[in-house]
Amino acid sequence: MKVSTAIAAVLSASAASAHTIFVQLGANGKTNPVSYGIRTPSYDGPQTDVSSSNLACNGPPNPTTPSKDIIQVTAGSDVTAVWRHTLTSGANDVMDAGHKGPVMAYLRKVTDAKTDSGVGGGWFKIQEEGLNNGKWGTDTVINNQGNQVIRIPQCIANGQYLLRAEMIALHGARSVNGAQLYMECAQLNVTGGTGTGSPKTFSQSNDPGLLLDIYNVKQPFTYVIPGPPKFTC
Ligand SMILES: *[C@@H]1O[C@H](CO)[C@@H](O)[C@H](O)[C@H]1NC(C)=O
Ligand SMILES: [Cu+2]
């Protein structure tokens, strides 16, 4: 569907004030409190510089709060990353619906999840949703009360991890650094993993999926989700 540039401009203008934060994690049958085991920011704005190390776990100009907690997670189970407009928003205020783009989740094995910065590679992707039949990953999360369901692979090694949940809004992506990237890192301790898998890991990269005009793209259109291929056991 082609939407006129005028309408697109209105959409992006109205969308500017309704950003989003990964505020809490449901794991092992329990929804943890907001900011428990997650480095949440006090401001909900995006990262836009795709070469910045702040893309790892968010950071300046958004002040992020360190967490002293670690969330216990069983390998092979689903966790739920909960997204909200602000730290105090309800389930009907996830993100402006004009924010359209892919949703992803990554893991990084770390020695100490409370102190690891997340910067410098070591990440593997465990969940992704791009564009399917005109519906974006962000639409799925908004329509699911802000819940991003992520399967923790059964075959990973036990131990501490950072879980990075990410949503990308492409309404401004027609210019360089116009995509809005939202991410936070949760601090996990994984048990029950078989340790038989050996995920190939990646650092961040520039992607064609971050520079495109989604309102005027030539149809039919296949969206390539940023980042490496998804790891499966
Ligand atoms: C991780 O889980 C194992 C097994 O239950 C436990 O022995 C260990 O103390 C936990 N580590 C952290 C940091 O929670
Ligand atoms: Cu926004």
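With the condition kept exactly as written, say whether any residue in the stretch 133-150 is of a type outside the set (D, E, K, R), part of a strand (DSSP E or B) and touching a helix residue (DSSP H, G or I) at 6+ places or on another chain (Cβ under 6 Å).
Scanning the stretch 133-150 turns up at least one residue that is of a type outside the set (D, E, K, R), part of a strand (DSSP E or B) and touching a helix residue (DSSP H, G or I) at 6+ places or on another chain (Cβ under 6 Å).
Take the residues in the stretch 179-220 that are away from ligand 2 (no atom under 16 Å from the Cβ) and among the hydrophobic types (A, V, I, L, M, F, W, C), then tell me which one is surrounded by the fewest Cβ atoms within 10 Å (Cβ to Cβ).
By that ranking, first place goes to V217.
If Q160 satisfies all but one of (1) away from ligand 2 (no atom under 16 Å from the Cβ); (2) within 13 Å of the chain's Cα centre (by Cα); (3) not β-branched (V, I, T), what's the number of the condition it fails?
(2)
Can you name every residue in the stretch 75-95 that is acidic (D, E) and within 21 Å of I225 (Cβ to Cβ)?
Matches in the stretch 75-95: D78 only.
Based on what the data block shows, is A113 of a type in the set (A, V, I, L, M, F, W, C), assigned to a loop (DSSP other than H, G, I, E, B), touching a residue at least 24 places away in the same chain (Cβ under 8 Å) and within 16 Å of ligand 1 (Cβ to nearest atom)? Walk me through how you get there before you give the answer.
Details: of a type in the set (A, V, I, L, M, F, W, C): yes; assigned to a loop (DSSP other than H, G, I, E, B): yes; touching a residue at least 24 places away in the same chain (Cβ under 8 Å): yes; within 16 Å of ligand 1 (Cβ to nearest atom): yes.
For A113, the condition - of a type in the set (A, V, I, L, M, F, W, C), assigned to a loop (DSSP other than H, G, I, E, B), touching a residue at least 24 places away in the same chain (Cβ under 8 Å) and within 16 Å of ligand 1 (Cβ to nearest atom) - is met.
Pull out all pairs, ordered by first then second residue, where Cβ-Cβ is under 6 Å, the residues are six or more apart or on different chains, the first lies in the stretch 58-69 and is buried (at least 18 other Cβ atoms within 10 Å of the Cβ), and the second is at pLDDT below 90.
none
With the structure loaded, tell me whether K109 is out of contact with any helix residue (DSSP H, G or I) (no Cβ under 6 Å at 6 or more places or on another chain) and surrounded by fewer than 16 Cβ atoms within 10 Å (Cβ to Cβ) or whether it fails that test.
no
The values are calculated or read from the model by the stated rules, or taken from the named source; none is laboratory data. Not measured: the values here are computed from a predicted model. Note: ideal-geometry Cβ built from the backbone for every residue, glycine included; neighbour counts use all protein chains shown.
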